[in-house]
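Peer 1: Take a look at this one; I'll ask things after.
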Amino acid sequence: MKRAIYPGSFDPVTFGHLDMIERSAQIVDELVVAVLINSAKNPLFSVKERVSMLEEITGHISNIRITSFNGLLIDYAQEVEASIIIRGLRAVTDFEYELQIAQTNRIINSQVDTIFLTTSLEYAYLSSTIVKEVASYGGDISHFVPEQLMDRIYAKYR
Ligand code: ADP
């Protein structure tokens, strides 16, 4: 049984995240998508809202579980018995930071490995920050997030 954990802020979830989720779910037996509870980041959406949005748009995937976690990712991976951490690489700017984190995690727990998926080209530019920036000016975010989430995102800026 290969279980992987895909952690992130998902504030809000984008088509880039969904693409990563769909692809990783095909690689492993079970995928745990874990929303990071991190008050320091001052998120737009509560953890509960982010978990619900993820649940709504991943209903078509059967081997998936959406959770949230506090503290160190590597500890949470052990708690849910995941042997793989999935991260996405969009550009070289992601690389240095992600490499450092992955190596640190290996030192703390060598039983858990990090696997990187390269972004699909059509989403290489896409981030939650971009979605928030465009939505805050009332711009069209239909290329960035699933339709059923759009109103909820605009509502945060009304
Ligand atoms: P974090 O704050 O942990 O970076 P994010 O929610 O921004 O959380 O991203 C979670 C993961 O998804 C990260 O590994 C990030 O690189 C990846 N990711 C974000 N956007 C995309 C995208 N457009 N394509 C591929 N991977 C992405």
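Values in this text are rule-based calculations from the coordinates and carry no lab data. Worth saying up front: this structure is predicted, and the values here are computed from it rather than measured. Reconstructed Cβ throughout: ideal geometry from the backbone, glycine too, with neighbour counts over all protein chains shown.
Peer 1: Given Cα pairs under 8 Å that are at least 6 residues apart, what percent is the relative contact order of the chain?
Peer 2: Numbers: 222 pairs, mean separation 44.3, N = 158.
With pairs under 8 Å counted, the relative contact order is 28 percent.
Peer 1: Please state, to two decimals, what the Cα-based radius of gyration of region 66-158 comes to when divided by 2.2 N^0.38 Å (N = residues).
Peer 2: On the way: Rg = 16.6 Å, N = 93, 2.2 N^0.38 = 12.3 Å.
For region 66-158, the normalised Cα radius of gyration comes out at 1.35.
Peer 1: Using the alpha-carbon centroid of each, what span in Å lies between region 72-100 and region 21-42?
Peer 2: A separation of 10 Å, based on Cα centres.
Peer 1: P(r) of region 1-62 in 10 Å steps, Cα pairs, percent per bin?
Peer 2: Here the calculated profile for region 1-62 is 21, 55, 22, 2.
Peer 1: In nm, give the distance between the simple-model label positions of GLN78 and PHE116, each being 7 Å from the Cα along the Cα-to-Cβ direction.
Peer 2: 2.5 nm
Peer 1: Now, a different point. Using the C-alpha atoms of region 1-116, what convex hull volume per residue, in cubic angstrom, is computed? Provide the component values of the computation, followed by the final result.
Peer 2: On the way: hull volume 11.9 nm³, N = 116.
Hull volume over Cα atoms, normalised by residue count, gives 103 Å³.
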